[in-house]
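Here the structure is laid out as structure tokens; the discussion comes afterwards.
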Amino acid sequence: MTSVEQFFQAWNRQDIVVAVNQFAPDCIYEDGTYYSPLKGKRAIQRELLLRCDATAEPVLYIVDDLAIPPAKDKVGVKYHMERNGVILPNSRHCAFYTINTLTGLSESCFDVVEPAQKTGEANLAVLNAASKIIGKGGKGDDSSILPDETSTGETVDGNWWSTLLNGSYTPSNKGSSSLSLAEQYFDAWSKRDMDTAVNLFTEDCCYEDTVFPKPFSGKQNLKEHLLLCSDAFPPTFKFIVDDVADGGDTIAAKWHVENDGKEMPFTRGVSIYKTKGNLIQEGFDEIESAVFKLGAFDLFLTSMKTKLKEEPVRWIPIISWVAYTYIVFLSNGILPGANALQLEQRTWEEVRDLSLNFFLVSPILNLPFSPTVHPILEGVFNLLLSWAALFAGFFSDERDDKPNLLPIVPTVVGMQFLTSAFLLPYLATRATEKKNVQVFKEDLSTPARIVDSPFALGPLLGFVGTGSIAWGALARQADFGGWSERVTSFWQLMSIDRVGSSFLVDLAIFALFQGWLVDDDMRRRGICVDKGEEAILRNVAKFVPFFGMAFYMIRRPTVPPRNEK
């Protein structure tokens, strides 16, 4: 059994570890609905786990055909997806794998799926119109009239496209024993020798190009289809076969389209052919998604649909994020000051000044570039940033075996700039921890191991937050007076200040949502939350704003190493 077959079996069992181990460490997995390939086993594992987490009911991947040459160095696969025994619409795939014959592991994969919209006929109409415009063929163009002779008087026997493409007539490779049937077919197609192409098929053949709404049955229907395509395609278009897996009765071909010798974007595909004798009986074409590759977007929507159905409480951060974005960045009249679209100079100057006084280092050291800012506003700003940084204590919420749609490290970094605008989407989209989870230090990323120490975040950020409050109450008395005066001037500032008022909104959101990650974090540390273990610590962490979270980071048990299981 090849690694490809073992991969599909493991994937259907949702045994992701075994599935991923069928790939070489430096493998490349290309999904035709994504813009970028997955590089390495870790990236493949993350993708498979996200796909498993996206569906409430398991999806099975049913292999329909395999093309395995004797050397077993390549494998072509045609498969479809089922749920509860029902074939999912538009779920048929073709994939081409290359295999390391020494290890038996897959080194690369290119996977394409049939499109939901069958736009083949519309595409041909566009190509035909384009061919007319550029004067390189197409119906109604003089260049589409078949010439009988070349300029030297040679008869070209209907294979005039080769003359246009190559500058001289090149005979077809018809009957070449060195080429597989798939290669012969593409060779004839590129030369527009449709008689040779069609004669490679049985009389009762069935050819399905999945960009068209229905298959083409019989040689005559296939020939009419190929001629229609050849009329529409500019003569400079060629199909180039990149690789072939010839398994005898099943052949897989990986290919792309070139124009004037240059590869065209979004034209790679995989075809699977079933043979009978020395002819093709069935053909099945898949081509990668063009221009708009919606694989990641579809995965996100499917995952969110499942999560919202299973946990409707996720609507709370979603609705909160929509309201927050509108009120803080776009609205006029709800919060004081100009909205973000107006790019008010005063706003940017205030942001600059607060940033220069980050964590109060500059004013405490009396650095010459430190601007004078209202001390309560400085205190609010730095309390907010230290609170946002405390969420780094939940880095273990993302691991190789528990990926999230939005990674947590960039989320926490983004919170230092746009606070709740990053926090709320993360809370809505993250994967929920399994209740019986066992996590060990070896499972954590390097940043997660660092912040797992009780001395890493809680004491430092608790000190910064406490100092920020003290600074707001006591600092800059010469400029802003005592408590009563500074409070009065602060509220006067808030009546016109969009930035400062948005900080107060952020503090309220942090207080409401700081406990959302606590229960799962306690489960990772072996605390049985559902049985009421460590109830006091849990309630302090969830319901005491800022200080409860800082205290939790100090008091919680660390994640144990595996040898202490």
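The values are calculated or read from the model by the stated rules, or taken from the named source; none is laboratory data. None of the values given here were measured: they were computed from a predicted structure. Counting neighbours? That spans all protein chains shown, and the Cβs are built from the backbone with ideal geometry, glycine included. We work out accessible area using only protein heavy atoms, side chains counted, and drop any ligands, DNA or RNA first. Shrake-Rupley method; radii C 1.70, N 1.55, O 1.52, S 1.80 Å.
Expressed as a whole percentage, what fraction of the accessible surface of segment 1-140 belongs to carbon and sulfur atoms when a 1.4 Å probe is rolled over the protein heavy atoms?
On the way: 3750 of 6760 Å².
That fraction is 55 percent.
Taking all protein chains as they are arranged and a probe of 1.4 Å, the heavy atoms of F551 leave approximately 90 Å² accessible to solvent.
Of the residues L343, L390, the one with the largest accessible area comes first in the ranking L343, L390, computed with a 1.4 Å probe on protein heavy atoms.
Per residue, the solvent-accessible area of segment 217-292 (1.4 Å probe, heavy atoms of protein chains only, all protein chains present) comes to 43 Å².
Taking Cα atoms only, the orientation of helix 120-134 departs from the longest principal axis of the chain by about 80 degrees.
Close amide H partners of L405, meaning residues 5 or more places away or on another chain with modelled amide H under 5 Å apart, are A431. The lysines within cross-link reach of K434, meaning a Cα-to-Cα straight distance under 24 Å and a gap of 8 or more places when in the same chain, are K41, K305, K307, K309, K402, K531, K542, K565. Relative to the 2.2 N^0.38 Å rule of thumb, segment 244-295 has a C-alpha radius of gyration ratio of 1.38.
Once the cut-off is 18 Å, how many percent of the Cα-Cα pairs in segment 288-437 end up in the long-distance tail? Cα-Cα pairs of segment 288-437 separated by over 18 Å account for 70 percent. Which whole-angstrom value gives the distance between the alpha carbon centres of segment 187-208 and segment 371-399? If you average the Cα positions of each part, the centres end up 67 Å apart. Accessible area of C528 (1.4 Å probe, protein heavy atoms only, ligands and nucleic acids ignored): about 40 Å².
What the Cα atoms of segment 502-553 give is an Rg and a Dmax of 11.7, 39 Å. Could you work out the relative contact order of segment 320-400, using alpha carbon pairs under 8 angstrom and six or more residues apart, expressed as a whole percent? Taking the mean separation of contacting Cα pairs over the length of segment 320-400, I get 16 percent. Modelled spin-label separation between T372 and E5, with each label point placed 7 Å from Cα along the Cα-to-Cβ direction: 8.1 nm.
Computed over protein heavy atoms with a 1.4 Å probe, the carbon and sulfur contribution to the accessible area of segment 446-565 reaches 65%.
With no solvent and one equal point scatterer placed on each C-alpha of the chain, evaluate the Debye formula and give log10 I(q)/I(0) for q = 0.07, 0.09 Å⁻¹, two decimals. Here the Debye-derived log intensity ratios amount to -0.61, -0.84. The accessible area of L88, taken with all protein chains in place and a 1.4 Å probe, comes to roughly 40 Å². The residues of segment 504-565 expose, per residue, 48 Å² of accessible area to a 1.4 Å probe.
Couplings 3J(HN,Hα) of segment 251-259, computed from phi: 10, 10, 10, 9, 8, 8, 10, 10, 10 Hz, in residue order, whole Hz [Karplus 6.51 cos²θ - 1.76 cosθ + 1.60, θ = phi - 60°; x for Gly and Pro]. Helix 295-310 axis versus longest C-alpha principal axis of the chain: approximately 50°, rounded to the nearest ten.
What angle, in degrees between 0 and 90 and rounded to the nearest 10, separates the Cα long axis of helix 483-494 from the longest principal axis of the Cα atoms of the chain? So the helix axis and the longest Cα principal axis differ by about 30 degrees. Placing R352, R268 in order of accessible area, with the largest value first and a 1.4 Å probe, yields R352, R268.
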